[in-house]
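One structure is given here, and the rest of the page talks about it.
The values are calculated or read from the model by the stated rules, or taken from the named source; none is laboratory data. Just so you know, these numbers come straight off a predicted model, no measurement behind them. With ideal geometry, Cβ positions are generated from the backbone for all residues, glycine too; neighbour counts draw on all protein chains shown. Side chains included, ligands, DNA and RNA excluded: accessible areas come from the protein's heavy atoms. Shrake-Rupley method; radii C 1.70, N 1.55, O 1.52, S 1.80 Å.
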Amino acid sequence: QYYHKALALSHGRFSSAWVALGKRSFDKGELKDAKDFYQKALALRPLAPTVWFRLGAIGMQLREWSLALEAFSHVVQQEPAEGDAWANIAAIHMHRKQPAQAYPALVESLKQNRNNWRVWHSKLYTCIDLQKYDEAVQACHVMMDLQSSRSKANIQPLEEHCVRAIIGGTFKNLLQNETQRVEKDDSTCRSMTRVHDLLNRLSTQPPVEPWVYECQALVASQLSHQEEVILEQLRREYRSLQAVPGRWEQDRIQKLVRVVSQMSRFYLFSPADTSNKSKREKLVKCRFLVRGLVSKLRKLETYTEEDEIQKLETILNQVQTEQDKIEDEEKSQESG
């Protein structure tokens, strides 16, 4: 009642009274009343960044995004070092699916506080949307740094779809260069190397998900790494998929078959083989690998699909065909 009396005596021109009424309404959850009181206060005294910030927060809660954006814009105009206001501006633009407008606000927010993992998370998504893949990789590293510190134990881990988006975008840029007959420039090579380093780091921080090894194999093949390096990543993915607790659902079975198929192609069609002895050793490994998975699938009581097993049987037939070729070649040499 005292604030209302003060407003009556001042003919409604006592800004602090409107602010006090706004806070009282906000604390009571009466957001629309609080909004009206704060707007009246700011009409009298616009140089009040704290009040603008409260109005912006109310605007976000009421989903009045234009009001919120205007309020937080006033905050950063009056207090450029207000990192939370910059972060909220970015959040509003991201809600509106405007990554180009969100990006500079995120940059300003991180200038004030580089330890806010939520802002780095937002920057990761924004950089992916803007195809700024090098900066997206940097955001991943910073989030992992923050996650490794004890005080940041509740930080959200990197999401698979984000890492895959970075890899896919980097591959796309590389493919465009090749399609346009543009030589790999230093920046493209550095981008691929950064992705490779990110995956290596992910693979050393347990628990490691199977998809990390899958992505490592993809990047290693793109970087023209040796065959054995790619095979080792596929082996790790295969072991990791088998070690995942729980029943073997269809999704996991399909992934296992896909990994075994990829490994089998290396064993069957390796260009590095020069001797029949080396070829025979790889064919034995391939047969052992494929038969092992077929045996495990047939032992599953809930598995009734035959498509995946047929794919594996096809590989076994290819192995037999290659072995027959080697034997025929050796017999031909002996008879010659």
P(r), alpha carbons of segment 246-313 - 10 Å bins starting at zero, rounded % = 19, 47, 23, 10, 1
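Under 13 Å from the Cβ of P99, count the other residues' Cβ atoms, weight Lys and Arg +1, Asp and Glu -1, and hand me the total.
For residues surrounding P99, the net value is +2.
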Exactly which trypsin sites (Lys or Arg not before Pro) in segment 1-101 are in a DSSP loop and have at most 16 other Cβ atoms within 10 Å?
-> R13, K28, R63, R96, K97
If we count GluC sites (Glu not before Pro) as exposed when they sit in a DSSP loop and have at most 13 other beta carbons within 10 Å, what is the longest stretch of the chain that avoids them all?
-> 1-158
Taking Rh as the Kirkwood radius computed over alpha-carbon pairs of segment 1-74 and applying Stokes-Einstein at 4 °C with viscosity 1.567 mPa s, one gets a diffusion coefficient in µm² s⁻¹ of 107
In bins 5 Å wide, starting from 0, what share of all Cα pairs of segment 102-152 does each bin hold, as a percent?
-> 5, 23, 33, 24, 11, 3, 0
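Given only helices, namely DSSP H runs of n ≥ 4 each adding -39500 (n - 2.57), what is the per-residue ellipticity at 222 nm of the chain, to the nearest 500 deg cm²/dmol?
On the way: 16 runs with 258 residues, N = 336.
Counting only the DSSP helices, I get -25500 deg cm²/dmol.
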FRET efficiency for Q176 and T204, Cβ-Cβ distance as r, R0 = 30 Å, nearest 0.05?
-> 0.40
Distance in nm between label sites at K32 and A6, each 7 Å beyond Cα in the beta-carbon direction?
-> 2.7
Segment 48-196: mean projected area of Cα convex hull, nm² | 10.3
So what are the ³J(HN,Hα) numbers for segment 78-89, from phi and the Karplus equation (6.51, -1.76, 1.60; θ = phi - 60°), rounded to whole Hz, Gly and Pro as x?
-> 8, 9, x, 8, 7, x, 5, 5, 4, 4, 5, 4
For segment 194-210, list residues with backbone N below 14 Å from a point placed 7 Å from the Cα of E227 toward its Cβ?
-> none
Quick one: compute the contact order of the chain, relative version, from alpha carbon pairs under 8 angstrom and 6+ residues apart, as a percent.
-> 6
Length gained if D197 through A100 is fully extended, taking 0.36 nm per residue and subtracting the Cα-Cα distance, is 32.2 nm
Karplus-derived 3J(HN,Hα), 6.51/-1.76/1.60, for each residue of segment 122-139, Hz, glycine and proline x = 5, 5, 4, 4, 5, 5, 5, 4, 8, 6, 8, 6, 5, 6, 5, 5, 4, 4
Please identify every one of the trypsin sites (Lys or Arg not before Pro) in segment 111-167 that sits in a loop by DSSP and has no more than 10 other beta carbons within 10 Å of its own beta carbon.
-> none
The distance between the Cα centres of segment 280-330 and segment 183-261, in whole Å, is 23
In the structure displayed, which of K172/K311; K5/K40; K255/K285; K277/K311; K285/K331 lie more than 18 Å apart, Cα to Cα?
-> K172/K311; K255/K285; K277/K311; K285/K331
With r defined as the distance between the Cβ atoms of A43 and Q156 and R0 fixed at 51 Å, what FRET efficiency is calculated, to the nearest 0.05?
-> 0.80
Which residue, S66, S203, S261, has the most motion in a Gaussian network model of the chain that connects Cα atoms within less than 10 Å?
-> S66
Please list the equivalent ellipsoid semi-axes of segment 50-90, computed as the square roots of five times the alpha-carbon gyration tensor eigenvalues, in descending order and whole angstrom.
-> 15, 9, 8
Sort out for me the Cα centre separation of segment 25-51 from segment 71-131, rounded to whole Å.
-> 24
Table column - 3J(HN,Hα) (Hz), segment 233-248, Karplus curve with 6.51, -1.76, 1.60, x for Gly and Pro | 5, 5, 4, 5, 4, 4, 5, 5, 5, 5, 7, 4, x, x, 5, 7
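State the percentage of accessible surface on the chain attributable to carbon and sulfur atoms; use a 1.4 Å probe and exclude ligands, DNA and RNA.
49
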Comparing A102, A57, A43 in a Gaussian network model of the chain (Cα, 10 Å), the one with the largest mean-square fluctuation is A43
What full-extension length gain, to one decimal in nm, is calculated for Q61 and S261 as 0.36 nm per residue of separation minus the Cα-Cα distance?
-> 66.9 nm
Where the Cα atoms of segment 165-265 are projected onto their three principal axes, how long is each span, largest first, in whole Å?
-> 47, 29, 25
When the chain is treated as a Gaussian network with springs between alpha carbons less than 10 Å apart, the largest mean-square fluctuation among T321, T188, T126 is found at T321
With label points built 7 Å along Cα→Cβ from the Cα atoms of Q250 and A20, find their separation and express it in nm.
-> 6.7
Entry for volume of the Cα convex hull per residue in Å³ (calculated from the structure that is shown) out of (i) 194; (ii) 359; (iii) 148 | (i)
